[in-house]
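Engineer: This structure is in C-alpha cells; I'll ask about it shortly.
The values are calculated or read from the model by the stated rules, or taken from the named source; none is laboratory data. In this text the structure is predicted, and so the values were computed from the model without any measurement. FYI the Cβ positions are ideal-geometry reconstructions off the backbone, even for glycines, and counts take in every protein chain you see. Just so you know, the surface numbers come from the protein's heavy atoms only, side chains and all, with ligands and any DNA or RNA stripped out. Shrake-Rupley method; radii C 1.70, N 1.55, O 1.52, S 1.80 Å.
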Number of protein chains: 2
Amino acid sequence: MPKDSRPPSPPRPMRADARRNYERILAAAADAVAEYGAEASLEEIARRAGVGSATLHRHFPSRQLLLEAVFRDKVEVLCATAGDLAADPDPAHALTSWLRAVAAHAVSNRGLAASLMRGVRDGDPALGATCHAMIVDAGTGLLVRARRAKAVRPDVSITDLLTLVNAICLAVEREPDGAARADRLLGLALAGVHPAREAAGDTPPSRPEGSGRSSRP
Amino acid sequence: MPKDSRPPSPPRPMRADARRNYERILAAAADAVAEYGAEASLEEIARRAGVGSATLHRHFPSRQLLLEAVFRDKVEVLCATAGDLAADPDPAHALTSWLRAVAAHAVSNRGLAASLMRGVRDGDPALGATCHAMIVDAGTGLLVRARRAKAVRPDVSITDLLTLVNAICLAVEREPDGAARADRLLGLALAGVHPAREAAGDTPPSRPEGSGRSSRP
DNA sequence: TGCAAAAACGGGGTGGCCCTCCATATCGTA
DNA sequence: TACGATATGGAGGGCCACCCCGTTTTTGCA
C-alpha cells in the first residue's frame, strides 16, 4: 500500500523565487494567450516572462496545464454564476442565461473555448481536465433543474450543451464580430431553426411552443 | 489597361512531369490528411510523394490550397447532392438532409471541416476559399426554398447553418464515435433543445411545434 | 534529329518551435 | 556564516515550414 497521501498541498511550500517566476509566467501567458489564442508560443511566453524555457516547462509540464492555470479564475467566475442562477425562478431561463455567459466568456477570452474543450480524451490521463470538470459540474445543476421543469428535452446532456457552446465559440473565434455572432448562433442552436410563432426578437430561446404546421407529410 | 485576360486556363498547360508530381502530392496529401487530419506535416507529405519539399510548396503555396485540392471532389459530391435534393418535395427535409450529409462528410474526412471553415477571413485575399464558396452556393438554393416554404426562420442564413455544422464537426473530430455524436448534436441544434411533443425518435428535426408552458413570466 | 531556352526539380540553409540535460546560482536554515 | 536542497536557464536535439539557387528534365523549333 502507498506510504502516505497528501491530496491538497505538498509539504514543500515552494521557494520564494519559484513562486515569483510562477506568477510571472502566468501573467505573461495570459497576455500571450489574449493576443494569439491557445496556440501561443511557449518560448515567447517564457521570453516575455524573463525566464528560460526550461523553467516554464518545469512549472507547467503541458500546454493544457498552463491554459488551465491561466483560466482557472475565469472558470470559477462562471461556476459562481451558475450558483447564482440556481436561485432563478425560471429554470429554463437560468440554463440558457448561463450557457450564454459561458459563450461570452469563451469568445472574449481567446483560448478559453479550446481549453474547456479538451476534457478527458487526448493522451495523458488526468493531466489537466480540471476546468472542463468544473464547468460540467456547475452546469449539471442547472440542467437537472431545467429537466425537472420539463423545459429541456430529457435526452439532452450537459456535455451536449457545452460541446455546442464551445464548438460555436471555437468557430467564431477570430472573426470580426465574434461575440455577437456566437450569441446569435447559440440562440439558434438552443431554439432550433424552425420558425417560432410571434417571436420576433433576437433569437429568443424561450417559448418554443405554439401553433404550427407539420412540415413532413 | 491590361493586355489580355485569360480567365479559365493559362496557355501553358503544365509540363508532363509537373502534372505527374502534382498528382503524386495530391494522393500523398489525401493519405496523410486521412491519417493525421488537417495538421498533417507538409514535409511528410512531400516525403511520401517522393518529391522535395520545395516542389510541394511550388504546387501548393499554402496549406489551405492543398487541402482545397484534396477535398475538391468531395465538395463537388456535396454540391451535386444539393442539386438532387432540390427536387425533394419537402424543402425542410431537403435542407436538413443536406446539412446532415455535409456533417457526415466532414466527420468521415478528417480535415474537411477545418478546410471548409476557413472562408474569406484569415490573411491573404482570395487564397483558397473555393470550397467554402462552393458549399455556400450549393446550400443557398436549398435554404431559400425552405424559407419560401416557411420551414425555417426568415433570419437564418446559410452561413449560420454551415458554421454550426462545421463547428460541430470540428468539435467532435477525433472523438471516439464522432459521426454519431455529430449527427446527434446537429439534430439538436436544428430542432432546439426544448421538448417537442411526441417526437421520441432520434432527435427528429421536424415538427418543432407543440403544447408547452410559458417559461418566462 | 539535335539543341537551347524554359520549366521544373530538390538539396540544403534559415529560423522557429517544443522539450530535456546538467552545470550553475539562489534560497532557507542550522 | 556555511551548507544542502531547490530552482534556474543556456545549450542542444529533433521536428517543422519555407526559400534560395544550382542542376536536371522537358519542350518547341529548326
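Engineer: Residues in the stretch A:164-180 that are within 13 Å of B:L164 (Cα to Cα), at the interface with another protein chain (Cβ under 7 Å from one of its Cβ atoms) and either in contact with a Phe, Trp or Tyr (Cβ under 8 Å, 6 or more places away or on another chain) or not β-branched (V, I, T) (or both): how many?
Structural biologist: Adding up the residues that qualify gives 5.
Engineer: Criterion first (open to solvent by less than 60 Å² (accessible area, probe 1.4 Å) and at pLDDT below 90) does A:A149 satisfy it?
Structural biologist: Numbers: open to solvent by less than 60 Å² (accessible area, probe 1.4 Å): yes; at pLDDT below 90: no.
It is false that A:A149 is open to solvent by less than 60 Å² (accessible area, probe 1.4 Å) and at pLDDT below 90.
Engineer: Also, I was wondering about something else. Let me confirm something: among B:A80, B:A92, which residue is within 14 Å of chain A (Cβ to nearest Cβ) and either more than 16 Å from DNA strand D (Cβ to nearest atom) or of a type in the set (A, V, I, L, M) (or both)? Explain how you work it out, then say what you get.
Structural biologist: Working: B:A80 fails: within 14 Å of chain A (Cβ to nearest Cβ).
The conditions single out B:A92.
Engineer: Hey, B:N21 hits all of (1) surrounded by 15 or more Cβ atoms within 10 Å (Cβ to Cβ); (2) at pLDDT below 95 but one; which does it fall short on?
Structural biologist: With (1) surrounded by 15 or more Cβ atoms within 10 Å (Cβ to Cβ); (2) at pLDDT below 95 applied to B:N21, the lone miss is (2).
Engineer: A further question follows. Within the stretch A:99-126, restricting attention to residues that are assigned to a loop (DSSP other than H, G, I, E, B) and not charged (D, E, K, R), which residue is modelled with the lowest pLDDT? First the steps, then the outcome.
Structural biologist: The first filter runs over the stretch A:99-126 and keeps only residues assigned to a loop (DSSP other than H, G, I, E, B), leaving A:109-111, A:118-126.
Pick out the ones that are also not charged (D, E, K, R) and you get A:109, A:111, A:119-120, A:123, A:125-126.
Values: A:N109: 92, A:G111: 90, A:G119: 63, A:V120: 56, A:G123: 49, A:P125: 52, A:A126: 57.
The selected residue is A:G123.
Engineer: Just checking, does the stretch A:83-91 include any residue being away from DNA strand C (no atom under 16 Å from the Cβ), touching a Pro at 6+ places or on another chain (Cβ under 8 Å) and not in a helix (DSSP H, G or I)? Steps first, please.
Structural biologist: Going residue by residue through the stretch A:83-91, those that are away from DNA strand C (no atom under 16 Å from the Cβ) are A:83-91.
Next, from what is left, pick out any that are touching a Pro at 6+ places or on another chain (Cβ under 8 Å): A:89-90.
Going one step further and asking which of them are not in a helix (DSSP H, G or I), we end up with A:89-90.
Yes, the stretch A:83-91 contains a residue that is away from DNA strand C (no atom under 16 Å from the Cβ), touching a Pro at 6+ places or on another chain (Cβ under 8 Å) and not in a helix (DSSP H, G or I).
Listed here are the residues, each with its yes/no results for (1) exposed (fewer than 12 other Cβ atoms within 10 Å of the Cβ); (2) assigned to a helix (DSSP H, G or I); (3) at pLDDT 95 or above; (4) more than 16 Å from DNA strand C (Cβ to nearest atom).
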position: B:P2; (1), (2), (3), (4): yes, no, no, yes
position: B:R6; (1), (2), (3), (4): yes, no, no, no
position: B:L26; (1), (2), (3), (4): no, yes, yes, no
position: B:E44; (1), (2), (3), (4): no, yes, yes, no
position: B:D73; (1), (2), (3), (4): yes, yes, no, yes
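Engineer: Take B:P61 and tell me if it is outside any helix (DSSP H, G or I) and either within 14 Å of DNA strand D (Cβ to nearest atom) or closer than 14 Å to B:T140 by Cα (or both).
Structural biologist: Details: outside any helix (DSSP H, G or I): yes; either within 14 Å of DNA strand D (Cβ to nearest atom) or closer than 14 Å to B:T140 by Cα (or both): yes.
Here the answer is yes, as B:P61 does meet what is asked.
Engineer: Collect the residues in the stretch B:46-71 that are among the β-branched types (V, I, T) and surrounded by 22 or more Cβ atoms within 10 Å (Cβ to Cβ), keeping them in residue-number order.
Structural biologist: Our first condition is that a residue be among the β-branched types (V, I, T); within the stretch B:46-71, this holds for B:51, B:55, B:70.
Residue satisfying the conditions is B:V70 alone.
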